[in-house]
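Each value in this text was obtained by applying a stated rule to the coordinates, not by laboratory testing. Predicted model, so just to flag it, every value in this text is computed and none were measured. For neighbour counting, all protein chains shown are included, and Cβ atoms are generated from backbone atoms with ideal geometry for every residue, glycine included.
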Amino acid sequence: MDLSTLSPAKGSVRTNKRLGRGYGSGNGQTAGRGHKGAKSRSGYSRKIGFEGGQMPLYRRLPKSGFKNMNRIEYNAINLDILEKLATEKGLTTINLQVLKENGLASKNDKVKILGRGELNSTVNVTAHAFSAKAKEAIEAKGGSAALVETKPQEK
């Protein structure tokens, strides 16, 4: 094999259509842009959502609600799920790694432990947040509820 014999695959390379190069080319005169109007001019770009002068949909519909940009989304895990996990796997420590391995949380999830269900085993739990009832129930059984250390956000 020689570098001088290499060529691109058949049909993979096409020459650009040369617009506005006279009548003989078949693409002369208006160069495929039709006649007159804004769309035929260079530099034209239609506004996003423009509907030909009709009141656009985003202006016809009323504004509603509020979206808090600073909201923190938690993946909620209840005490009954922790109990099931602790008894089936024989765990005394439940942290984010254990939750990820058992499919209860994914890599970037923030986990909050909630108080539904009963906890019968002594478990040390590490999560991003706890409800008051969950923390009380964990500590009542002799376990500990520790918060995950998070880096302070830069401003």
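Less than 5 angstrom separates the built amide H of His128 from those of Val111, Val148, all sequence-distant by 5 or more or on a different chain. A simple rule links phi to the HN-Hα coupling: the Karplus curve 6.51 cos²θ - 1.76 cosθ + 1.60 with θ = phi - 60°, which for the range 77-86 gives 10, 8, 4, 5, 6, 4, 4, 4, 4, 5 Hz, with x for Gly and Pro. What residue among Gly49, Thr30, Thr15 has its Cα farthest toward the positive end of the dipole of the chain, where the charges are +1 on Lys, Arg and -1 on Asp, Glu, each on the Cβ? Most positive-ward Cα: Thr30.
Within the shell defined by Cβ-Cβ distances under 14 Å, the residues around Gly53 carry a net charge of +3, with Lys and Arg each +1 and Asp and Glu each -1.
With the cut-off at 23 Å, tell me which of the pairs Lys107/Lys133; Lys100/Lys135; Lys63/Lys110; Lys84/Lys133; Lys112/Lys151; Lys107/Lys151 have Cα atoms farther apart than that. Cα-Cα > 23 Å for Lys107/Lys133; Lys63/Lys110; rest within. Taking amide hydrogens as placed 1.01 Å from N in the peptide plane, the amide H of Thr93 sits under 5 Å from those of Asn124, each at least 5 positions away in sequence or on another chain.
The range 1-58: which chymotrypsin sites (Phe, Trp or Tyr not before Pro) are DSSP loop and have at most 10 other beta-carbon atoms within 10 angstrom? Each step should come with its number before you reach the end.
On the way: sites: Tyr23, Tyr44, Phe50, Tyr58; in loops: Tyr44, Phe50.
Counting only loop positions with at most 10 other Cβ atoms within 10 Å, the chymotrypsin sites (Phe, Trp or Tyr not before Pro) in the range 1-58 are Tyr44, Phe50.
For n ≥ 4 DSSP H runs only, could you compute -39500 (n - 2.57) per run for the chain, divide by its residues and tell me the 222 nm figure to the nearest 500?
On the way: 4 runs with 30 residues, N = 155.
My calculation for the chain gives -5000 deg cm²/dmol from helical runs alone.
Working note: Karplus 6.51/-1.76/1.60 with θ = phi - 60° gives the range 55-71 the couplings 4, x, 4, 5, 9, 6, 7, x, 6, 8, x, 8, 10, 6, 5, 9, 5 Hz, where Gly and Pro are set to x.
Kirkwood hydrodynamic radius of the range 11-134, from the reciprocal of the average inverse Cα-Cα distance over all distinct pairs: 21.3 Å.
The label point for Ala140 and the one for Asn75, both projected 7 Å from the Cα toward the Cβ, are 2.7 nm apart.
Across the alpha-carbon set of the range 34-94, the Rg to Rh ratio works out to 1.50, Rh being the Kirkwood radius.
Computed from backbone phi, the HN-Hα couplings of the range 103-114 come to x, 8, 8, 10, 3, 9, 5, 9, 10, 10, 8, 10 Hz, rounded to whole numbers (Karplus: 6.51 cos²θ - 1.76 cosθ + 1.60, θ = phi - 60°; Gly and Pro given as x).
Take the Cα gyration tensor of the range 74-147, multiply each eigenvalue by 5, square-root it, and list the three semi-axes largest first, rounded to whole angstrom.
Working: eigenvalues 55, 38, 21 Å².
Semi-axis lengths for the range 74-147 are 17, 14, 10 Å.
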